[in-house]
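Each remark here refers to the structure printed beneath this line.
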Amino acid sequence: MVVSDDPLARTGIALLLGGQEGLIVAGQVGVDEDWAEPEEEEVHAAVWDLGLGLRSGLERLRSLGPAAPPVVAIVADETDAREALSAGARAALPRTADGDRLAAAIRAAVQGLVVLDDSFAAALLRGAPPAAPDLPESLTPREIEVLQLLSQGLANKAIASRLGISDHTVKFHVNAILGKLGVQSRGEAIVQAVRLGLVAL
């Protein structure tokens, strides 16, 4: 699904994706239109242009439930990329991304991976503070393990299998990690973990 309040952006993104093998554009909608309901099984991912109405778009993105498809956000710069990941996007790409890069990000997001364009990643890491803030509460050795696997793009089920624990336990650890790092999403947790030197990408 292509999501944007800009009709020209919607059309352009749909055209870019139209020729990509294995991808079908299910439709084009505005930010406030319903498209991510659980019963709409044909929508497996969304490409969301946050170029217009960034604030309202981020609020809508945050409001999506856990059953919503993964979102690939199209943003203007690294600041918007950080906010999009914080709001729950699975990927952040620049507005200059071509069809091949968009398609690759969609496929990765559907597989549970977090995608961040190289230019954004470099800028986010360069923007890290010289002295990392102390965590309000230290991560346990098991939480560090889970965080490292998160940084590899593994979904809860894969992490559970790798560590020999239940999905429920993984979810508990992920929630604890988000709380201790003071972040709202997996993508933001990974960026913060790199800044703090907890994981290396």
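Each value in this text was obtained by applying a stated rule to the coordinates, not by laboratory testing. Quick caveat: nothing in here was measured; it's all calculated off a predicted structure. Using ideal geometry, Cβ is built from the backbone for each residue, glycine included, and neighbour counts are taken over all protein chains shown.
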Sorted by chain and number, the residues with a modelled amide H under 5 Å from that of VAL115, at a separation of 5 or more or across chains, are ALA91, ALA92
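Among rounded, prolate and oblate, which fits the range 141-195 when a ≥ b ≥ c are the square roots of the eigenvalues of its C-alpha gyration tensor, a/c under 1.5 means rounded, and a/b larger than b/c means prolate?
Since a/c reaches 1.5 and a/b is larger than b/c, the shape of the range 141-195 is classed as prolate.
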What relative contact order, as a whole-number percentage, does the chain give when Cα pairs under 8 Å and 6 or more residues apart are counted?
17
Over what distance in Å are the Cα centres of the range 7-34 and the range 61-112 separated?
14
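With runs of 4+ DSSP H residues as the only contributors, calculate the mean residue ellipticity of the chain at 222 nm using -39,500 (n - 2.57) per run, divided by the residue total and rounded to the nearest 500.
Numbers: 9 runs with 97 residues, N = 201.
Value at 222 nm, helices only, nearest 500: -14500 deg cm²/dmol.
So, R0 is 22 Å and r is the distance between the beta-carbons of GLN184 and THR96; what FRET efficiency does that work out to, to 0.05? Walk me through the numbers on the way to the answer.
On the way: r = 27 Å, r/R0 = 1.23.
Efficiency, from the Cβ-Cβ distance: 0.20.
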If you compute percent of Cα pairs over 24 Å apart for the structure shown, which of (1) 47; (2) 36; (3) 40 do you land on?
(3)
7 Å from Cα along Cα→Cβ at both ASP167 and ALA67: what's the point-to-point distance in nm?
1.5
